[in-house]
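> Dumping the structure here so I can ask a few things about it.
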Amino acid sequence: MQAHDHAAHGSMLDWLPVALIVLLTLAYLLAAYAQRQQTAGWSVWRSIFFSLGSLLIAIAVAPPLMAWAHHDLVGHMVLHLLIGMFAPLAWVLAAPVTLLLRALPQAGGRRVVALLHSRFVRFVSHPVSALVLNIGGMYVLYLTPLYALSLHHPIVHVVIHLHFLLAGYLFCWTILAEPDVSPHRLSLLFRMGVLFASIATHSLLGKLMYGYGWPRGTGHSLEEVQAAAQWMYYGGDLAEVLLAVVLLTLWLRTPVERREGLLSGARIG
């Protein structure tokens, strides 16, 4: 009986990340509904994007996929694409910071604004910093013993995937610079350049993994590593091209008189 209770308890804990995502999504939707009852309103599309991002993350952190990802490098790469690339883009388009500022009392809103204008947030929210955190983090993970370490230490495993989510969100936000307003005013050309650098370095990492069998010391066969590298290469390209399409779409939706300024005339910094 004790063994059965322990197994059930462990199973419940495994589903905790999914439960947290569900609660976070419900909080967003309730806040969005409250805004829709006011004159300012709230776009249904933003709620759909947040729900889509939450669904992708919930699928990724569900015990079946997490178990697959822990023992199979291909599963790990699928989880990485969902958590670190596709879901963050959907969440950024949902403008959660704007919704939070509208929902909070005035004093709470001032604290959030102060945080957004802090030196730390301004530093990490620059596209170059976000690129280093996002793509640089992948190089550290797969070209060092860190990935092998995560297979034996659950805390390291959790921290890595949390980093995927936060760094992926930060990168998408810094490239789009909307609908949540970015602390930086950067030209479209500059942000496109950083995005192209991301595509190039991400593709290079996939080639290094495929050609040299990284990550090593994991017990994964070369065929499995190469299959995972292909998922990274093609899946990463798809996610980043999608980000580029969204960026250009947002630019085309701006008033004509503002497009030229956004393209090359904005202050960089």
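The values are calculated or read from the model by the stated rules, or taken from the named source; none is laboratory data. In this text the structure is predicted, and so the values were computed from the model without any measurement. Cβ placement follows ideal geometry from the backbone for every residue including glycine, while neighbour counts extend to all protein chains displayed. Areas reflect the complete protein model, heavy atoms only, side chains present, ligands, DNA and RNA absent. Shrake-Rupley method; radii C 1.70, N 1.55, O 1.52, S 1.80 Å.
> For residue 19, state whether it is in contact with a helix residue (DSSP H, G or I) (Cβ under 7 Å, 6 or more places away or on another chain) and among the hydrophobic types (A, V, I, L, M, F, W, C).
Values: in contact with a helix residue (DSSP H, G or I) (Cβ under 7 Å, 6 or more places away or on another chain): no; among the hydrophobic types (A, V, I, L, M, F, W, C): yes.
In short, no.
> Counting only residues that are hydrophobic (A, V, I, L, M, F, W, C) and either free of Cβ contacts under 8 Å to residues at least 24 places away in the same chain or loosely packed, with under 13 Cβ neighbours inside 10 Å (or both), give me the helices (runs of 4 or more DSSP H) lying completely in the range 27-81 with at least 1 of them. Let's see the steps before the verdict.
Numbers: elements: 44-61, 63-71, 73-81.
In the range 27-81, the matching helices (runs of 4 or more DSSP H) lie at 44-61, 63-71.
> Continuing with the same structure: Taking residue 103 as the residue in question, decide whether it is open to solvent by less than 50 Å² (accessible area, probe 1.4 Å), over 30 Å from residue 154 (Cβ atoms) and at pLDDT below 95.
No: the conditions fail for residue 103.
> Here's a follow-up. Can you report the number of residues in the range 97-151 which are in a helix (DSSP H, G or I) and over 30 Å from residue 224 (Cα atoms)?
27
> Step by step: first the residues of the range 189-227, then only those that are of a type in the set (A, V, I, L, M) and more than 19 Å from the chain's Cα centre (by Cα), then the one that is farthest from residue 167 (Cα to Cα). Which residue is that?
222
> Another question, if that's okay. Here is a check on your reading of the model: is residue 157 assigned to a loop (DSSP other than H, G, I, E, B) and surrounded by fewer than 21 Cβ atoms within 10 Å (Cβ to Cβ)?
Taking the combined requirement at face value, the residue does not satisfy it.
> Could you count how many residues in the range 116-130 are within 20 Å of the chain's Cα centre (by Cα) and open to solvent by 30 Å² or more (accessible area, probe 1.4 Å)?
6
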